[in-house]
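Readers should treat all values here as calculations from the given coordinates under stated rules, not as data from a laboratory. Every value quoted in this text rests on a predicted model; they were computed, and no experiment measured them. Cβ coordinates were reconstructed from backbone atoms using ideal geometry, including for glycine residues, and neighbour counts include every protein chain displayed.
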Amino acid sequence: MAETTGPQAADEAGKVASDAANAAKAASQNVQKAAPAAKPAGAPAAGAARPAPAARPAGAAPAAKPAAKEEAAPPASPKGVTRREFLNYVWGASMALFLAQFGGITFFFAMPRFREGEFGGIIRVRAADFPQANQPPVPNNPGKFWLVNTDAGINTIYKICTHLGCIYAWSDAAGIFACPCHGSQFKLDGTYIAGPAPRNLDSFRFRVVDASGNALTDWSNGTAIPMPSGADSIEVNTGAKILGKSHF
Amino acid sequence: MAIIGQKLAKQLKTTGVKATVAQRLDDGFTRLTSGLSWNDVRSVLRGDPPAKPNPRVKPHTEGFWFHIRPTFYHEAVTALYPTFRLGLLSALFFTLEIITGIFLMIFYTPAPTIAYVNMIDILTNVPFGKFMRDLHRLGAEGMVIIVTLHMLRTFLTGSYKKPRQFTWFTGVVLLVVTLFLSFSGYLLPWDQLAFWAVTIGTSMADAVPGIGPQINLLLRGAPDIGAGGLLRFYLFHVVLFPLIGIIFVAVHYYKVVRWGLSLPPELEGIGEDNARKVAPDKRVNFMPDILTNELMYAGVAFAIIALSVITWYGGAPLEHHADPLVTPNHTVAPWYFYWLQGLLKIPHMIPLLPGGIASEIDKFFANVLGLTPKVFWGVIIGPAMIGILFIVPYIDPNPSRRYKDRKVMLGIGGIFTAIILYLSLAGMPTGVPFTGFGFVGADPAAEVGQHFIPDEGVGPVHALPFHQYVVGTHTVNAAPNTGNASMDGLIREIHNDMENRKTNADPLGRKLSADANATLDVHQVQENLIRVTLTINYTDDKGAAAQFQKLTYLHEQSGYSAE
C-alpha cells in the first residue's frame, strides 16, 4: 500500500541509476521526493490504529468507558510525541514567552526615568575662588566638586570616591584626600596613592572665561589647565564627567 | 432553612434547650479547632493521655496551622540539644518583626522630606514608639544572629545531609532574605548611617561587570540615592523580601514536616534516617507536650527581648539627617556585613605580596580579564562565600553525620568561620589587631577629635553631664584643675589619649607631633546651652604649625547622659 511506495520508488530509482557514479545520491533524492507522497496516504492508516474521537459512539456512557480506559493505559510506543504533548509544549512555550515579555516590561517599567545630563549643568565659579597653588582645595557643594590648584594648573575634581561612592575628605595634616569608608588616598591633583580605589579621582570638564564671557581655554579633558591671565570665572560642566585614569 | 429548623426543633424536643445549645456550641468549637471538641481540649490542657484513635492528630491533618508542624517528635530531639529550638526562634523573631514593623509603618512615610521627621516623631511623640522601634531593631539584629546560629547548628550536626539537602537550600535562601531584610531597613530612617551604608551597598551592585549600572539604577531609582531610592528600598523592605521570606518559610516548614527533625547523629546508623520511623514509646506528641513547650519558649523569648530593650539596650541609633555631601568619619556597614567591608578593603587581587609584584598582577588581571580587585573581592568572592553555602549538601560526599567521621568538613567549617571573623575585624575602622589590615583613620589629631567628639553617635564629651562642665578655656594637661572632678577626668582622658598617639604610631605609621598641645573651651551660648570646642595645635608632616578644631553643642536636656 501507501507505506511501500517509498522503498519501491527508491528501488526503482536504484535500478535505473545503477551504472551511474552518483547512484546513492540519486536514490536518496528520490526517497526524499517519494516521502511526502507517502505521508498523506499513511496518516489515515495511523489514525485507524486508535479509535478516532469522532468514531466514538456519542452519548452512550457505557460505550465511552472502554475508550477512556484505553486512553489511560500507558502508551504502547513512548517514542513519538503525541499531538496533546506537542500542544502542551507549544502552550508552555507561549506562556514562557509571555512571562519573558512581562519581565522585560517590568524592567523598563522599574527603570527610573531621567534624561542624560539631567543631574548636570554648567556651574560658574569665580577664578578668585580657587586656592593658591598647592594650597588646600576649596569645595563647591552645589556641583559636588573640589576646586584644586597645583603646579600643573587648576582642575575641578568630583567629590565622590572612585571606589564605592563615599565623599572623601581633605586631610590638612597629610596634604591628601582620604576616604573615610575604605581608606583610599589621593594626592591633591586626584592621583591615586593607596587603598582599594581602582582609579584616580574623576573630574568635570571646565573652561576659563574672561569678564565679558569669552572663552580663554578649550573645555578641559580631565587634566589640569594653567590659569590664563585675565581669567574672570570658570564654567564647570557637571554633566560631563571624565573618569580618572586607572592605575592598573 | 426549613430543614435546619426542623432538625433544630426535633433536637430541642428530644434533648431539651440546655443540651442542644451546649451541643451546638461544641460543634462550632470543634470547627474552629479543626476537630477537637471542648472536652478534647480540656484533656489536652490536663495532660491526659490521648484517646484511641488519637483525636489530637486531626488538627494536623485537617487544619492549616498545625499541618505545618509534625504530629510527633522523637524524644531525643525534644531536649535543648540538638536543635536548641533555633529554627522556632527564627520564626518567632520573623513574626515579631512583622508585628512591630506594621506598627512602625503606621507612623512612617517613605519620602526624604518627611522620613527623618517621622523617626523623631516615633521616638518622642508616639506612645511606645521608641519601644517598638527598639524592638524592631534589636529583633532584626537578633534574627541575623539566630538564623546564623541555626545554620551553624545544622552544619555541626550534619542535618543538611540526605534527605534534607533541599531543606538546607531553602534555609540559605532564608539567611539571604534575613540579611537583605535587615539591610533594606537600614535606609528608612534617612539618617547619615542609612544613607552611606546604602550608598556603599548599591555602589557594589554598580561594580558588577556589564549589568551593574542597570542594577544600580533599578535599586536607587536615580543615579544617586534620593526619593526614588528611599521608596524602592521601602517597598523591598515591606513587600518584596517579606513575601519571599514567607514563601520560603512555608517550604522550609513543609520539608520539616515531611522529613522530621534529624535525630542526634549518634542515635542513627551511618547513612540512615530514622526521624519518621519512631517507635511508639519514643514518640512525643506535638499536642500537648511540644505545643506547650513552644508557647513557653516563645513567651520567654519575647520577655527577654522586651526586657533587653527596656534595660541594657541603649536604643536603636538615629544619626544626623542624611547629608549627601558629607560622609562621616568611621562610616561602617552594619556589623553583619563587616566581613564584606573587610573584603572590599583588599587593595590587590592577590594580597600579602610585595607592593610592586601585587600591582603587576593587578595590571595583568585588569588588562587581560577586565577584573579589578573591587569586582573580584566584593562582587565575586563576597557573594560566592554565601553561594558556596547553597551547595554544601550537594558536594559533601560523606554519608556519615557523626562528628568523628566528619573531621574534614568540620575543619573546613571552622576555617570558613575564622575567615569570616577575620574579615569582620578588617571591616571595622580599627582594622585587624597587630597587622593593622583594614585600618581607616584620619590623621592623629583628627582621630583625637573623632574619639572625643565623634561625627555621629555619642563620645566622651557628650557623655559628660551638662552640669559637670565648667565654663572657660581649659588647658589639656596631666593635672587639670577646673574645680570639677568629672571635668578634670575628661581632660585627663584627652591628655592620655594624646600622649598615647604621640608615642604609638597608628597602623599607617602616623604619630601626633611631640609638641602637640590642646585646649578644651566651654562657652555658655545660652542659659541652658554650651558649646564645647577641642583645639589641638601640632606640627604637621611638613614641619609647619597646624591646628585641628572640633566643636559640639550640649543642651541641658540633650539626654546623652543619664544625669
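Work out the length of the dipole vector of the stretch B:43-170 about its Cα centre, built from +1 on the beta-carbon of each Lys and Arg and -1 on the beta-carbon of each Asp and Glu, and round it to the nearest 20 debye.
So the magnitude is around 540 debye.
7 Å from Cα along Cα→Cβ at both B:Lys52 and B:Leu152: what's the point-to-point distance in nm?
A separation of 4.6 nm, rounded to one decimal place.
Compute the semi-axes of the equivalent ellipsoid of the protein assembly as shown, taking the square root of 5 times each eigenvalue of the Cα gyration tensor, and list them largest first in whole Å.
After diagonalising the Cα gyration tensor, the semi-axes are 63, 46, 27 Å.
In nm, to one decimal, how far is the B:Leu32 label point from the B:Leu529 one, both placed 7 Å along Cα→Cβ?
5.8 nm
Give, rounded to the nearest 20 debye, the magnitude of the charge dipole that chain B has about its Cα centre when Lys and Arg contribute +1 at Cβ and Asp and Glu contribute -1 at Cβ.
With Lys and Arg at +1 and Asp and Glu at -1, about 3240 debye.
Counting only residues 5 or more places away or on other chains, whose amide H sits under 5 Å from the amide H of A:Ile242 once H atoms are built in the peptide plane?
Those qualifying (amide H under 5 Å, at least 5 residues apart or on another chain) are A:Ser203, A:Phe204, A:Arg205.
Which value, in Å³ per residue, describes the convex hull spanned by the Cα atoms of the stretch A:168-208?
Taking only Cα atoms, the stretch A:168-208 has a hull volume of 80 Å³ per residue.
Considering the alpha-carbon set of the stretch B:331-431 alone, what are its Rg and its Dmax in angstrom?
In order Rg, Dmax, the Cα atoms of the stretch B:331-431 give 16.5, 48 Å.
Would you mind getting me the FRET efficiency between B:Ala9 and B:Glu62? Use the beta-carbon distance for r and R0 = 30 Å, nearest 0.05.
For R0 = 30 Å, the calculated efficiency reads 0.50.
Using Stokes-Einstein with the Kirkwood hydrodynamic radius over Cα pairs, what translational diffusion coefficient do you get for the stretch B:423-519 at 25 °C and a viscosity of 0.890 mPa s, in µm²/s rounded to a whole number?
167 µm²/s
Against the longest principal axis of chain B, how steep is helix B:115-124, in degrees 0 to 90 to the nearest 10, with axes from Cα atoms?
Computed tilt is about 80 degrees.
Among B:Val147, A:Gly213, A:Thr223, which residue has its Cα furthest toward the positive end of the charge dipole of the protein assembly as shown, with +1 on Lys/Arg Cβ and -1 on Asp/Glu Cβ?
Of B:Val147, A:Gly213, A:Thr223, it is B:Val147.
With unit charges on the beta carbons (Lys and Arg positive, Asp and Glu negative) and the dipole taken about the Cα centre of the stretch B:1-98, which residue among B:Pro50, B:Thr14, B:Thr30 sits farthest to the positive side?
Result: B:Thr14.
Arranged by the count of other C-beta atoms within 10 angstrom, fewest first, what order do B:Leu235, B:Leu181 take?
Going from sparsest to densest Cβ surroundings: B:Leu235, B:Leu181.
May I ask for the net charge around B:Gly87, where only other residues with Cβ less than 13 Å from the Cβ of B:Gly87 are counted and Lys, Arg are +1 while Asp, Glu are -1?
Combined, the nearby Lys, Arg, Asp and Glu give +4.
Between the DSSP loop rule and a limit of at most 10 other Cβ atoms within 10 Å, which trypsin sites (Lys or Arg not before Pro) in the stretch B:439-548 are left?
Loop-located and lightly packed - B:Lys542.
If I model the stretch B:246-329 as equal point scatterers sitting on the Cα atoms and use the Debye formula, what is log10 I(q)/I(0) at q = 0.12, 0.14 Å⁻¹?
Result of the Debye calculation: -0.70, -0.80.
With every atom except the alpha carbons ignored, what do you get for Rg and Dmax of the stretch B:212-290, in angstroms?
Both quantities, over Cα of the stretch B:212-290: 22.5, 65 Å.
So, R0 is 51 Å and r is the distance between the beta-carbons of A:Arg199 and B:Arg402; what FRET efficiency does that work out to, to 0.05?
My answer for the efficiency is 0.45.
Give, rounded to the nearest 20 debye, the magnitude of the charge dipole that the protein assembly as shown has about its Cα centre when Lys and Arg contribute +1 at Cβ and Asp and Glu contribute -1 at Cβ.
Its charge dipole is roughly 4340 debye.
Taking the Cα atoms only, what angle lies between the long axis of helix B:17-32 and the longest principal axis of chain B, rounded to 10 degrees?
The angle comes out near 50 degrees.
Given B:Asn496, A:Asn237, B:Gly245, which one lies farthest toward the positive end of the charge dipole of the protein assembly as shown, if we put +1 on the Cβ of every Lys and Arg and -1 on the Cβ of every Asp and Glu?
B:Gly245
Principal axis extents for chain B, Cα atoms only, whole Å, descending order, please.
105, 63, 46
Running Debye on the stretch A:136-248 with equal point scatterers at the Cα sites and no solvent, what base-10 log of I(q)/I(0) appears at q = 0.10, 0.17, 0.23 Å⁻¹?
-0.28, -0.77, -1.29
Report the paramagnetic label zone for B:Asp323: residues of the stretch A:163-198 whose backbone N is under 17 Å from a point 7 Å from Cα along the Cα-to-Cβ axis.
Label zone hits: A:166-172, A:178-181.
Taking the Cα of B:His555, stepping 7 Å toward and past its beta carbon, and measuring to each backbone N in the stretch B:422-458: which are under 17 Å?
Counting only backbone N, you get B:457-458.
Take A:Thr106 and B:Asn274, extend 7 Å from each Cα along the Cα→Cβ direction, and tell me the distance between the two endpoints in nm.
4.7 nm
Per DSSP helix of 4 or more residues, -39500 (n - 2.57); summed, then divided by the residues of chain B. What does that give at 222 nm, rounded to the nearest 500?
Result for chain B: -16000 deg cm²/dmol, rounded to the nearest 500.
Under 1.5 on a/c is rounded, so check that first for the stretch B:27-67, then, if it is not, pick prolate when a/b is larger than b/c and oblate when it is not; a ≥ b ≥ c are the square roots of the alpha carbon gyration tensor eigenvalues.
In terms of gyration-tensor shape, oblate.
FRET efficiency for B:Gln165 and B:Leu231, Cβ-Cβ distance as r, R0 = 51 Å, nearest 0.05?
The computed FRET efficiency comes out at 0.85.
For B:Arg31, what is the net charge nearby, where nearby means another residue's Cβ is under 15 Å from its Cβ and Lys, Arg count +1, Asp, Glu -1?
Charge balance in the 15 Å sphere: -2.
Please sort by residue number the chymotrypsin sites (Phe, Trp or Tyr not before Pro) in the stretch B:353-436 whose DSSP state is loop and whose Cβ has at most 16 other Cβ atoms within 10 Å.
Those satisfying the criteria are B:Phe434.
What trypsin sites (Lys or Arg not before Pro) in the stretch B:374-434 are in a loop by DSSP, with at most 10 other Cβ atoms within 10 Å of the Cβ?
Within the stretch B:374-434, no trypsin sites (Lys or Arg not before Pro) qualify (loop, at most 10 other Cβ atoms within 10 Å).
Using only Cα atoms and rounding to the nearest 10 degrees, what angle (0 to 90) does helix B:291-310 make with the longest principal axis of chain B?
The angle comes out near 20 degrees.
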